[in-house]
2 protein chains.
Amino acid sequence: MNDLLIPLKEDSRFPMYRQIYDHIKNEIQKGKMKAGEKLPSSRLLAKNLCISRSTVDMAYDQLSAEGYIEAVPCKGYYVCQMEGLYFSTEKKVFPEKNPGQEIPAPAYRWDFALNGIAPGGFPQNTWRKLSREVLSQEGDSLFQLGDPCGEPGIRLAVAEYLHSARGVDCDPDQIIIGAGNDYLLMLLWVILGKNRKIAMENPTYLSAYYDLVHMGCQIISVGQDSQGICIEDLEKNGADTVYVMPSHQFPMGMVMPLKRRMELLKWAQDQEKRYIIEDDYDSEFRYKGQPIPALAGFDQKGCVIYLGTFSKSLAPSVRVSYMVLPPALMEAYLSLGHLFSVTVSRTDQKILELFLREGYYERHLNRMRAVYKNKHDLMVRYLKEMSHICAFSGENAGVHLVLRFCNGLTEKEGIRRAKEAGIKVYGVSDYRIRQVEKEENMVLLGYATMEEKDIEEAMKKLKEIWKI
Amino acid sequence: MNDLLIPLKEDSRFPMYRQIYDHIKNEIQKGKMKAGEKLPSSRLLAKNLCISRSTVDMAYDQLSAEGYIEAVPCKGYYVCQMEGLYFSTEKKVFPEKNPGQEIPAPAYRWDFALNGIAPGGFPQNTWRKLSREVLSQEGDSLFQLGDPCGEPGIRLAVAEYLHSARGVDCDPDQIIIGAGNDYLLMLLWVILGKNRKIAMENPTYLSAYYDLVHMGCQIISVGQDSQGICIEDLEKNGADTVYVMPSHQFPMGMVMPLKRRMELLKWAQDQEKRYIIEDDYDSEFRYKGQPIPALAGFDQKGCVIYLGTFSKSLAPSVRVSYMVLPPALMEAYLSLGHLFSVTVSRTDQKILELFLREGYYERHLNRMRAVYKNKHDLMVRYLKEMSHICAFSGENAGVHLVLRFCNGLTEKEGIRRAKEAGIKVYGVSDYRIRQVEKEENMVLLGYATMEEKDIEEAMKKLKEIWKI
């Protein structure tokens, strides 16, 4: 095989070495050059093709690096033996699509969505200003790998915020910054150990439920009354961990009174290594009185794992949440030796740190509280006019309300009629981890993403169509 | 208890209702007001204190919301029974600390770190420009919750990049964007199922090893030769999944030849549900010949899970990686019904999309390739002068090299001598998941974060101190 003829083209867009490489590779792929076959020496091939030897060497080097040929010392190059070659032949053409146009036209004119923030609610100008500051002023180290638990600066800012706004006294070293609660629950599962029996209310925040289920957790569904989770059920079912939202239960909206909180803390302290996961997802929005301190603020024995997020209060797209671990759990995590890398970019951490530290967050919360309070009050005004149709609860906090039909309407029928009128409302049954026997008669209305005008239009319609 | 005397102060910084609330709360906390005790009616208290009744009502509402008191219909307010009160009393003072000053003075004058990017290597100006663009021009929807797998725009841009640069033909719908490989491996563990026996080379990328171990995976350590992982070992040990880095094994630096790649693919195809996890962490940096297509580019049966990252090629602090799942695995994930929320902010996704789409990434890679090639060549030049001390491998790609002492020096002694001279080098034994019996004699030198001047200084010193 010393007569390798390669049709080189001087006007090709590919350099000579690449043409040689391509040719030989093709011959091998097509099986025309077979395993064990000897290639001409680079000197000979260069002479035959009237090119420089270094050009051939480059091609041979690449073929050899990719394993098509191998150099046998003092003998030359040989075609390699392959275990059946697999090549991607079909070249995919990606359709020219504009992601913006992909979103199908909404099936609903009005959507009382339970997710999302008020349109225009993100402090875009401030964020842009801070992001410019951070990207201009910060040194090079901002782009190197950071602290796996989050940068000291943002952890300190969060600790200060928790202290003043939520009555939680923790050390910045107890805090882990993470990209959303789903991620933090995954991480928590690693830290807590894998054989936990976790109690959750029914209904509950289903996303957290599925996070834990997909990680392989054993979930125990426990009862709930108007004050929150039933403590006796925890004992009865042998749970060692409980997931609760004392500030504003999702979806039912109740605020856990202090007495129940104390009972829950007592339950956790009654046995070693019992933990309460407190998800404080929307405590920033409380429209009457001052916010109730978080459960973690009363915990002096290290039983409460606190989860907070900027998804509701700032924007879900920013992807920053945080977790406060009791010191013993943090120590256990650190002693694993290997920590999972932080999931929030250092620029975002720095921007958010400035946002908190320079008072922007407080002002933003005040603004949003006013925006949401107006919507809340509007909702309540219309719901009061609907007392012949439904009772409501979960008011004075958060950005959603629970309606219980008192005129015989079922959840299913309520949703169906609303849909016919172009209005999306949500069933409580969607948030059950265990379906109840009797027919559901409750629906959920989120008002964060609705404009006031739309709330008025939709509520007027609901009042009409939900009549019996 | 109708004679509640509350010392109200007109000049207090707290409003009246808050003073009433604070007073009663304190009395209850101190046990001066006991469970079951009746409070004066709001009308009476208002009269006694000479203030408006609505002020008292506000205080009572808050106390009631927090569960300190409860309203008994037609009777009035009563102090609640508490299960032992737990209050955080001690107010923590956070030490005024500047995070920048926390970093201890480096113990080493030179550090051949295996992590990190070249100083000044992050395209800060472009990033700032794009970030300003994104935050100015993008509409409000950018701040609402996004696609759990990543936005369509960035997934398309990554698919196009993989097609042209890595020979991987995948649909954007096969891609999941995630904040770092640690996170993606966590997610992959959920998707792949929990009873996998995962084979890894010894030594390997230890971070991935610990990720998987902490998730509860069974890891099998398999042999390695100069071409990469030993296929027979896979069969012998009953692995059903294998984690490899064919483009540039970490830490050993070898490039897996095509023949071995084909054998590996064949192994995967020999049985149902065998998977290869291909971690292509630094394939962007290849200094000789063109890059070798990724293993995933040869996979036509959907056995290869491809992991790519911008941590090495752009910056570790940006926290963007991606995973290409075979269609069947992606389908399995989607069919779980609940997806874990994306861990990268939508702004970062959009900025990176523009960075890729508008050609910045290609130019950045060319620039960095030149920067790293200079450092690489410098390293190689000095190492060639050290042939009486050590052989080296892993060159022509990536940003680190492997040295094997040939003068009798051990890894331990080599590291010790370097340390004495103020130089940090890394032992291969640190990357073993199973220690070997004989004494190690290899060290790793990363050159990404070193300036050329420092490389010269440090290499000259190493040449001296490693002499026997």
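Tabulated values for the structure
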{"quantity": "Among residues of segment B:1-43, those that are open to solvent by 60 Å² or more (accessible area, probe 1.4 Å), farther than 14 Å from B:Ile69 by Cβ and hydrophobic (A, V, I, L, M, F, W, C), counted", "calculated": "2"}
{"quantity": "Enumeration of residues in segment B:384-402 that are closer than 23 Å to B:Asp282 by Cβ and either in contact (Cβ under 8 Å) with a residue 60 or more places away in the chain or touching a helix residue (DSSP H, G or I) at 6+ places or on another chain (Cβ under 7 Å) (or both)", "calculated": "B:Cys390, B:Phe392, B:Ser393, B:Gly394, B:Glu395, B:Asn396, B:Ala397, B:Gly398, B:Val399, B:His400, B:Leu401, B:Val402"}
{"quantity": "Count of segment A:44-56 residues which are within 14 Å of chain B (Cβ to nearest Cβ) and crowded, with 16+ Cβ neighbours inside 10 Å", "calculated": "2"}
{"quantity": "Residue check for B:Gly337: within 29 Å of B:Asn181 (Cβ to Cβ), open to solvent by 50 Å² or more (accessible area, probe 1.4 Å) and part of a loop (DSSP other than H, G, I, E, B)", "calculated": "yes"}
{"quantity": "Residue in segment A:102-112 that is under 23 Å from the mean Cα position of the chain (by Cα), open to solvent by less than 40 Å² (accessible area, probe 1.4 Å), at pLDDT 95 or above and at the interface with another protein chain (Cβ under 9 Å from one of its Cβ atoms) present", "calculated": "no"}
{"quantity": "Members of segment A:134-148 that are out of contact with any helix residue (DSSP H, G or I) (no Cβ under 7 Å at 6 or more places or on another chain) and either more than 7 Å from every other protein chain (Cβ to nearest Cβ) or part of a loop (DSSP other than H, G, I, E, B) (or both)", "calculated": "A:Gln137, A:Gly139, A:Ser141, A:Asp147, A:Pro148"}
{"quantity": "Residues of segment A:342-363 that turn out to be open to solvent by 10 Å² or more (accessible area, probe 1.4 Å), within 15 Å of A:Glu138 (Cβ to Cβ) and hydroxyl-bearing (Ser, Thr, Tyr), as a count", "calculated": "1"}
{"quantity": "Identity of the residue in segment A:189-212, at the interface with chain B (Cβ under 8 Å from one of its Cβ atoms) and without any contact (Cβ under 8 Å) to a residue 60 or more places away in the chain, that ends up surrounded by the most Cβ atoms within 10 Å (Cβ to Cβ)", "calculated": "A:Asp211"}
{"quantity": "Qualifying residue in segment B:123-130 (condition: at pLDDT 90 or above, under 15 Å from B:Glu358 (Cα atoms), more than 9 Å from chain A (Cβ to nearest Cβ) and not in a helix (DSSP H, G or I))", "calculated": "yes"}
{"quantity": "Conditions (1) of a type in the set (S, T, N, Q); (2) assigned to a loop (DSSP other than H, G, I, E, B); (3) modelled with pLDDT of 75 or more; (4) open to solvent by less than 40 Å² (accessible area, probe 1.4 Å): number failed by A:Ser88", "calculated": "(3)"}
{"quantity": "Unique match (being among the basic types (Lys, Arg), assigned to a loop (DSSP other than H, G, I, E, B), open to solvent by 10 Å² or more (accessible area, probe 1.4 Å) and within 14 Å of chain A (Cβ to nearest Cβ)) among B:Lys266, B:Lys312", "calculated": "B:Lys312"}
{"quantity": "Residue in segment A:316-330 that is among the aromatic types (Phe, Trp, Tyr) and surrounded by fewer than 24 Cβ atoms within 10 Å (Cβ to Cβ) present", "calculated": "no"}
{"quantity": "Qualifying positions in segment B:377-431 - within 29 Å of the chain's Cα centre (by Cα), within 13 Å of B:Asn441 (Cα to Cα) and open to solvent by 30 Å² or more (accessible area, probe 1.4 Å)", "calculated": "B:Ile415, B:Tyr426, B:Asp430"}
{"quantity": "Counted residues, segment A:163-182 - those being open to solvent by 10 Å² or more (accessible area, probe 1.4 Å) and at positive phi", "calculated": "1"}
{"quantity": "Selected residue (only one of B:Glu151, B:Glu160 is at the interface with chain A (Cβ under 8 Å from one of its Cβ atoms), under 19 Å from B:Leu307 (Cα atoms), modelled with pLDDT of 95 or more and open to solvent by 20 Å² or more (accessible area, probe 1.4 Å))", "calculated": "B:Glu151"}
{"quantity": "From B:Ile305, B:Ile292, B:Ile277, residue being hydrophobic (A, V, I, L, M, F, W, C), over 19 Å from B:Asn181 (Cα atoms) and either assigned to a loop (DSSP other than H, G, I, E, B) or within 24 Å of the chain's Cα centre (by Cα) (or both)", "calculated": "B:Ile292"}
{"quantity": "Test: residue in segment A:174-191 that is over 29 Å from A:Gly297 (Cβ atoms), touching a Ser or Thr at 6+ places or on another chain (Cβ under 7 Å) and among the small types (Gly, Ala, Ser)", "calculated": "no"}
{"quantity": "Verdict on B:Gln249 being in contact with a Ser or Thr (Cβ under 9 Å, 6 or more places away or on another chain), open to solvent by 40 Å² or more (accessible area, probe 1.4 Å), within 24 Å of B:Thr309 (Cβ to Cβ) and more than 9 Å from chain A (Cβ to nearest Cβ)", "calculated": "no"}
{"quantity": "Residue list for segment A:129-148, restricted to those being without any contact (Cβ under 8 Å) to a residue 60 or more places away in the chain, open to solvent by less than 50 Å² (accessible area, probe 1.4 Å) and more than 20 Å from A:Ser341 (Cβ to Cβ)", "calculated": "A:Gly139"}
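Conditions tested, residue by residue: (1) within 15 Å of B:Ala159 (Cα to Cα); (2) free of Cβ contacts under 8 Å to residues at least 60 places away in the same chain; (3) more than 12 Å from chain A (Cβ to nearest Cβ).
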position	(1), (2), (3)
B:Lys288	no, no, no
B:Pro293	yes, no, no
B:Asp299	no, yes, no
B:Val320	yes, no, no
B:Pro327	yes, no, yes
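The values are calculated or read from the model by the stated rules, or taken from the named source; none is laboratory data. Here the structure is a predicted model, which is why all the values come from computation and not from measurement. Because the Cβ atoms are built from the backbone with ideal geometry, glycine has one as well, and the counts that use them run over all protein chains shown. Just so you know, the surface numbers come from the protein's heavy atoms only, side chains and all, with ligands and any DNA or RNA stripped out. Shrake-Rupley method; radii C 1.70, N 1.55, O 1.52, S 1.80 Å.
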